[in-house]
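Input: a single structure, listed below in structure tokens.
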Amino acid sequence: HLHMLNNSMGGKKGKKGKKGKKGKKGKRGKKGKAGKKDYLPYVYEVPEYIDPKKATPIVTVTCILANPTFGSPNDFSEQYPITTRIMTIADRIKRQYRYSVADVYIYLFKYRP
């Protein structure tokens, strides 16, 4: 009789389980490979590939010694792409004169001593 009285007064019945856990139910997808996705076409045009070796402008460098020495060529011309570093050109000029030139000055137009 006492047992029935407790249940009728708003007490909890014998619920079993975990208390207070609230969570979202996750979607469980199919295992394995998903279907292939359809991609939209390109919005912008893809430019045509241009080979940098062919597209880079080439400059002609003319080298003239200010004080020519005996037995060495006074002037010569070589072609370089514009991406060549100035230090590389200076080293090639020194090598052309067998490293007898100490300082190399490079001018954009003409040198007038």
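Read the figures in this text as sums done on the coordinates, not as results from a lab. What you see is a predicted model; the values in this text were computed from it and never measured. Positions of Cβ are backbone-derived with ideal geometry, glycine not excepted, and every protein chain shown enters the neighbour counts.
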| Charge tally in the Cβ shell below 12 Å around Val61, where Lys, Arg are +1 and Asp, Glu are -1, Val61 excluded | -1
| query | Lys94: which aspartates and glutamates have alpha carbons under 17 Å from its alpha carbon, excluding same-chain residues fewer than 8 sequence positions away? | reply | Asp75, Glu78, Asp103
| Net length gained if the chain between Ala102 and Gln79 were fully extended (0.36 nm per residue, minus Cα distance) | 6.0 nm
| field | Hz values of 3J(HN,Hα) by residue in the range 57-67 - Karplus curve (6.51, -1.76, 1.60), Gly and Pro given as x | value | x, 10, 10, 9, 9, 9, 10, 10, 6, 6, 10
